[in-house]
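Dropping a structure here in structure tokens format, bear with me for questions.
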Amino acid sequence: MSTARADRWQATPALVRSLVLVLGAVPVALLWRRPDLLVLVAPIAVVLVWSVVTRPRELPTRTVGLSHAQVREGEQALAVADVQAVAGAEILAAALSPAPYVEGVPTERTRRVDDADGLPVSHTSAVVDAQGPPAAGTWRLVVGVRATRWGVRRVGPMQLAAVGAWGSYRWGPVSEAALGLRTLPQPTVFDTRAPAPRPRGLVGTHRSARPGEGTEFATLRPFQVGDRLRRIHWPRSTRGDGQLYVTASYADQDTHVAVLVDAHYDLGSSGGVRGRPSSLDRSVRAAAAVAEHFLQQGDRVSLRVLSARTPLTVPVGTGRRHGVRILDTLCRIVPAATEETDPRRVHLGVDEGTLVVMVSALVSPDALVQAAVLARRGLSVVVVDALVDSQDGTVAPSAERDALARAAWRIRMLERDREIRAIQAQGVPVVPWLGPGSLDVVLRRLGRRGRAAGRLS
Amino acid sequence: MRDLVDLWVDVRSASHDHLAVRLSSLAGALLFTLALALAGGGNPAAWALLTVFGGLVVLQPHTLMPGLFLVFAAASWWAGVDGGWHWALLPAALGLLLVHVGAALAASVPAQAPLPASVRRRWAVRTGVVAAVTTGVWGVAGLLQAVATGEGGAVPGIVGLALVAGCLVLYVQRLGRD
């Protein structure tokens, strides 16, 4: 139904049938002298007269919005429609069109029902009683929705309708434009006890290789001019050769963590926040977890998304707001393949001492080349393999029905194994994303390598 | 076939209130069928057809099905029941009212949305008011039947038709004004 045609009060099938029944039965009753037919249609005639007398005429104005500009995956938001109160309108209704990864929040206990396509019926509709004085001249319709996957989720379009007395006249359904709900990725549980290798900054929580002001104990050494008195170690000083000893510590430093997300491909189908993740789901959630972890430690984090569609970057920064900015950027990722990128021309904004965490499904040659080039520059690079399932630690087999496609997938996986071995041979560690502690071993190894390199030079 | 599946899905996923409203239509259809049978009208085939139509009204209240039921029901009464007043007229008329009102309310709101209690209450009260008026009409009709002498010829029919035509003209004029 066109919007112009829907945006007016129209007779419903209920009015038409009561009109047809009354106009058909009454002449028959009069001509054939059947008063019983008059009694039979009397209630319908009363309803008909009532409906016509109370017919609504004004057209309601309306506004539609969302209660939240952004939510996390799995969190709820409200689609809100404010409809102006008009005389004669008795019931207002709103319904949201189904959209991918957006489900309704039912207000009463429901059971799962699948439609003809096998998709669950979403309870994304609401009804309000439009009789009586409204608050501020408008009636508010609220539909609860839950975004089940990161990204900019489409909510709506919302259909709005109103009916008059006895459901005889209807306004709408009028379709309102769909709204975008930014859904931030829900970072997977991640923690690492290993320090970031080769920290460079002045403040932070990582132990520096150099002595300085910090909290990490280094050694006891004789007092020197300029040492703070509160650093004097009295037990050692009173026990020894009459010399004062002070506690020396390592300096606390931060580091720059550059998170690179390979968004060339999204392999597998995403089941949302509670279902089986696709490769890009794992990439985005792992990147969010790594970024949040290092930001909480006080490190500086930057983000770069490698994709033909969304070359997104977030410059280096720190703090809670910077974390939200990174999540907001991650939720705008759209996968698109590009095979022609010259990695030497891509400026990633990383310098010496940067820890590069690349999260990739390792299917695109572009990402592998980028990692190799960065490692060759002497940077600490860790590649997180997002194609491996964190539950069983294996790559999911192809879900294709075509035997040829399945064979092609197996061949590609063999090639991928070879490429991973080749990049590991160049000194780039590749680790599967397995949640907390995924990067511990690798970061410690990189830290040792960095210190050894420092001693050699 | 796909449309039928969609209608069935709509019923299965409907809210409890919505289902109750749809079932009130079915109750109205059964009440009318029972009244028709008690008035000596119709035959088993007609009663079965009315029941099936009642079920179809539950399945698709927003289509022509309720209208089809009402027309078929009125035609069945006209063809099957002898003219004149009968006590079963009242349950038959109330049955038609329930079918119409239930289908109208069910077609007015999305099936999955719960109906506010105030809406349910108002529709129930209004249906009761119309039922009371119908009872009054039924009583007056019975009274007139008792006192009628059969004189007057075609005058009551002509007056009635003129009244209906006048109402129709008024309605069309009102539509034109809007």
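The values are calculated or read from the model by the stated rules, or taken from the named source; none is laboratory data. If you're wondering where the values come from, they're calculated on a predicted model, not measured in any experiment. In this analysis, Cβ positions are derived from the backbone assuming ideal geometry, glycine residues included, and neighbour counts consider all displayed protein chains. We work out accessible area using only protein heavy atoms, side chains counted, and drop any ligands, DNA or RNA first. Shrake-Rupley method; radii C 1.70, N 1.55, O 1.52, S 1.80 Å.
For residues that are within 9 Å of chain B (Cβ to nearest Cβ) and among the charged types (D, E, K, R), scanning just region A:113-134, find the one that is surrounded by the fewest Cβ atoms within 10 Å (Cβ to Cβ).
Within region A:113-134, the match that is surrounded by the fewest Cβ atoms within 10 Å (Cβ to Cβ) is A:114.
Would you confirm whether or not region A:299-306 contains a residue that is of a type in the set (Asp, Glu), assigned by TED's automatic domain parsing to the domain that holds residue A:379, in a loop (DSSP other than H, G, I, E, B) and surrounded by fewer than 21 Cβ atoms within 10 Å (Cβ to Cβ)?
The answer is no, given that none of the residues of region A:299-306 is of a type in the set (Asp, Glu), assigned by TED's automatic domain parsing to the domain that holds residue A:379, in a loop (DSSP other than H, G, I, E, B) and surrounded by fewer than 21 Cβ atoms within 10 Å (Cβ to Cβ).
Looking at region A:18-48, which of its residues are in contact with a His (Cβ under 7 Å, 6 or more places away or on another chain) and free of Cβ contacts under 8 Å to residues at least 40 places away in the same chain? Full working, then the answer.
Restricting attention to region A:18-48, the residues satisfying the condition of being in contact with a His (Cβ under 7 Å, 6 or more places away or on another chain) are A:18, A:36, A:44, A:47.
A:36, A:44, listed by residue number.
Out of the residues in region A:19-50 meeting the condition of being surrounded by fewer than 21 Cβ atoms within 10 Å (Cβ to Cβ) and charged (D, E, K, R), tell me which one is nearest to the other protein chains (Cβ to nearest Cβ).
A:34
Given (1) under 24 Å from residue B:116 (Cα atoms); (2) more than 10 Å from chain A (Cβ to nearest Cβ); (3) open to solvent by 40 Å² or more (accessible area, probe 1.4 Å), where does residue B:25 come up short, assuming only one miss?
If we test residue B:25 against (1) under 24 Å from residue B:116 (Cα atoms); (2) more than 10 Å from chain A (Cβ to nearest Cβ); (3) open to solvent by 40 Å² or more (accessible area, probe 1.4 Å), just (3) comes out false.
Taking region B:58-94, which residues are closer than 18 Å to residue A:29 by Cβ, buried (at least 24 other Cβ atoms within 10 Å of the Cβ) and more than 7 Å from chain A (Cβ to nearest Cβ)?
B:73
Counting only residues that are modelled with pLDDT of 75 or more and either more than 9 Å from chain A (Cβ to nearest Cβ) or assigned to a loop (DSSP other than H, G, I, E, B) (or both), how many does region B:143-159 have?
Counting residues in region B:143-159 that are modelled with pLDDT of 75 or more and either more than 9 Å from chain A (Cβ to nearest Cβ) or assigned to a loop (DSSP other than H, G, I, E, B) (or both) gives 3.
Quick check on region A:83-107: of everything there that is out of contact with any Leu (no Cβ under 8 Å at 6 or more places or on another chain) and part of a strand (DSSP E or B), which residue is farthest from the other protein chains (Cβ to nearest Cβ)? Spell out the reasoning first.
Within region A:83-107, the first condition is being out of contact with any Leu (no Cβ under 8 Å at 6 or more places or on another chain), and the residues that meet it are A:84-85, A:87-91, A:95-97, A:99-101, A:103, A:105-107.
Imposing the further condition that a residue be part of a strand (DSSP E or B) reduces the set to A:84, A:91, A:95-96, A:99, A:103.
On the way: A:84: 19, A:91: 6, A:95: 5, A:96: 10, A:99: 16, A:103: 12 Å.
Among those residues, the one meeting the criterion is A:84.
To keep it simple, each residue is scored yes or no on (1) more than 28 Å from residue A:32 (Cα to Cα); (2) in contact (Cβ under 8 Å) with a residue 60 or more places away in the chain; (3) more than 14 Å from the chain's Cα centre (by Cα).
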position: B:68; (1), (2), (3): no, no, no
position: B:75; (1), (2), (3): no, no, no
position: B:79; (1), (2), (3): no, no, yes
position: B:82; (1), (2), (3): no, no, yes
position: B:89; (1), (2), (3): no, no, no
position: B:118; (1), (2), (3): yes, no, yes
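Scan (1) surrounded by fewer than 16 Cβ atoms within 10 Å (Cβ to Cβ); (2) part of a strand (DSSP E or B) for the single condition residue A:146 breaks and write down its number.
(1)
Right, another one. Scan region B:105-130 residue by residue and report those that are facing chain A (nearest Cβ under 7 Å), open to solvent by less than 20 Å² (accessible area, probe 1.4 Å) and assigned to a helix (DSSP H, G or I).
B:105, B:108, B:119, B:130
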